[in-house]
Every structure is written in structure tokens, then in C-alpha cells.
Amino acid sequence: MSHEYDARYELERKRREELERKRAAEFSERAFREISARFSQMKNEEYDSYIPDEMGELERNMKSIANLLQTDVFEARRLCYQVQNSLDSMAFLVRSAKEEFARQERLRYEEIQRKKAEAKSKFEESFYAQLSQIKNPAIANFAVQDLENVKAKIQNEEISSEEEVVQEIKNVCEQADEKAKKWKEEKLEKEKVAILSAQIDSAIKSTEKEEFENADNKNSLINEMKTLKDSLTSESSESEITEKLNSIRSSVDDSLIDEEVRRETVKAIIKELKSQEFTVEKPQIFGTGKDSYVLIKAKKPSGKQASCKISLEGKLNYRFDKYEGMTCLKDIEKFNVDLEKIYSVKFSDERVIWENPDRLSRTQETASDTQRRNM
């Protein structure tokens, strides 16, 4: 007697959740290490001077990620995505600021030191002391003309206290800060395509490092990212592109988890077949992409056979063949029960797609002939 079944398989929900949590934790820990290394490099390259607000936010996000790794790895992963996307725009802003303001900043610093030494009043000394505290080259650049006006007030004796000098410079810096923010917005908008392209490239590199069992599936996901990159135009919505990119990243996570679920299911089936005294051949993978499946073949010394096809999408086909009598159904029942109870692999939507009672029928016919001969 032989039976062949189609079914859907799934790991116990708790085990699936454990795999999802493990995947999120592994990604987040690796991403956090990369972000931390990048942050140290940024500090060494004096990013604080050019984009102090962004560096402050990055540092706060890193502290949040470190805490979330202990409490909520899924939120840690989401924040890692957000931070990774911001790193490329930060690098672009600093490069642009250095190109536009670095030379003027060196000259400004030299002039401040010289003028401070030549100051003719305590108000002028205070003025140059305050100027030396302006560390952001962009703010210093946008404040130049207004600071000249403050200096003129001091020279014309229109300022009567050091506190007034400090307040005047504070007001100028606040206005310059607004101009610097507008400059950053315009720069980011102008180079939006290049920045988004860099973000997608980073996601591609990250995916290339992942160890997929199915290379075709990996390549398909990378090609989706490349297609997204090719679609970029100056009219592209940053939020929509980011949402699409994060969706592909989620597909990467889902694919890797599906592969891990299948690996665990394959291992469970092999263990169960061996427990029933089958000799199991080495599993083989056939097909490509989502259509791929793992084939398991097993055989007993008596000639009884079993085979299983396990897909990535939760589909299972299994067949018990070359049996005589009802022992086939007994082995199938043990197969199903043990997989669920021992290995947490649950079947659903199970249906018979083929059965062959010939061997049973022949046995019954032989028994009947014997009975007739004995009568």
C-alpha cells in the first residue's frame, strides 16, 4: 500500500517568533557595530563642527539602540534602518560644508587671534573671545556681515556692557543658524538622488553579506533594490523610496527566516525517519527562487520507501511507498504525530493526492485463494 499527501507545514508559533527575534537581534547587533565604527570615524573627522545637531541626534539614537538590543530587538532593527539611511546624508553635508567653508574658517580663526591681540577695549576683547566660540563653519560664514555690524557698534561706542556684546552675538548666531539650516535643506534636496542612491547601495552591500541558502532568491532581492535605484529621479519622494527600500529589507528578513524554518523542518523530518529505521539519503535542493524545494529520500532494508519535498513557502509533499497491508498508515500516523509533538512541526490543509492499495489487495486475494484451497 502507498500514500502520497500534500500539506502545509509550519513551526510552532513560539519557535517561529524565536527565529524572527534571533534574526532581528543578529542584524541589529551587526548594524550597531558598523554604526559605532562610523560614528568614531565621524568624530575623528570633526563632523561635530559642521553638523553638531545631526551628530547629537546620532549619538542619542545609538544610546537608544544599545538599550533596545536588551529590550526590543525589532524596534532596534527599525532604528538601525533609520540611522543607516541618515549616515549618507550626513557625510554629504560635511563634504559640502568643507568644500564651501573650510578655507574661510581657517582664515577666520587666524584673523580672530590677530584681532584679539590688537583689541583696543575690553568690549572688543569680549567680542573676539565670543567669536572664537563659534565652532560651526556654516554659522560663522552666514554670520559674517551681521558680526561686522556688531563690531561697528562696539567701535562707535553703541554697546555699553560685555553682557550686551554676548547677547548681540547670540542673536546673530541664531539668525545664522536658521540660514545654515536652510542651506542644508537646499543641499540635500539638490543632491537627493545621489543620497538616496548611496542609501540603496548600502542596503545592497548589507544584503550581499547575508548567507542565503537560495542564491537565486538573494539575487532577486538585490535586483529589486537595483531597480529601485534605477527609478530615482529628482521628482522621487524620499519617504516613498525609503518605504520601498525598507519593504525590500523586510523581504530579505522574511526570506532568511523562511530558509531557517525549512532547515529546521528538514532536520526534524530526517530525525523522525531515522527513528523509524529508515536510511536517509543526503537532502538535495532542486529548482530556483521561491519554486525551489528540498528533496529527502529514505528507504528501509525491507524495501519500504519514503520521500518528502519541502518548499520555501510552507508547502510539503510526502509519500510512503512499497508497503504491504496497513503498516503504511501506521508509519504515516507516527510521522505526523511525532513531528508535531517532538519537533514542533505542524501540518495543515492535508489531503491525499495519490494512493495505491494494490499490494494490500493482492495480499487479500492471496489469503482468499488459500482459504478456498483449504475448504
Hey, which of the strands (runs of 3 or more DSSP E) in the stretch 264-340, taking only ones fully inside, have at least 3 residues that are in contact with a Lys or Arg (Cβ under 9 Å, 6 or more places away or on another chain) and within 22 Å of LEU11 (Cα to Cα)? 293-299, 305-311, 315-321
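Let's see how each residue does on (1) closer than 30 Å to ASP253 by Cα; (2) basic (Lys, Arg):
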| position | (1), (2) |
| --- | --- |
| LEU68 | yes, no |
| ALA76 | yes, no |
| GLN82 | yes, no |
| ALA91 | yes, no |
| GLU100 | no, no |
| ARG108 | no, yes |
| GLN130 | no, no |
| ASN141 | no, no |
| LEU147 | no, no |
Please name all residue pairs, on different chains or six or more residues apart, with Cβ atoms under 6 Å, provided the first residue is in the stretch 138-156 and is more than 27 Å from ARG95 (Cβ to Cβ) and the second residue is in a helix (DSSP H, G or I). VAL150/GLU168; ILE154/PHE123; ILE154/GLU124; ILE154/PHE127
What number of residues within the stretch 1-18 satisfy the criterion of being in contact with a helix residue (DSSP H, G or I) (Cβ under 8 Å, 6 or more places away or on another chain) and part of a helix (DSSP H, G or I)? 2
In the set LYS205, LYS151, LYS170, the lone residue that is more than 22 Å from MET55 (Cβ to Cβ) and modelled with pLDDT of 90 or more is LYS205
Which of the residues that make up the stretch 35-51 are modelled with pLDDT under 95 and either surrounded by 15 or more Cβ atoms within 10 Å (Cβ to Cβ) or touching a Leu at 6+ places or on another chain (Cβ under 6 Å) (or both)? TYR47, ASP48, SER49, TYR50, ILE51
Go through the stretch 32-63 and report how many residues are in contact with a Phe, Trp or Tyr (Cβ under 8 Å, 6 or more places away or on another chain) and among the aliphatic types (A, V, I, L, M). 3
Does any residue of the stretch 103-110 turn out to be open to solvent by less than 20 Å² (accessible area, probe 1.4 Å) and not aromatic (Phe, Trp, Tyr)? no
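The values are calculated or read from the model by the stated rules, or taken from the named source; none is laboratory data. Because the structure is a prediction, the values reported are computed rather than measured. Cβ coordinates were reconstructed from backbone atoms using ideal geometry, including for glycine residues, and neighbour counts include every protein chain displayed. The accessibility values were calculated without ligands, DNA or RNA, using every heavy atom of the protein model including side chains. Shrake-Rupley method; radii C 1.70, N 1.55, O 1.52, S 1.80 Å.
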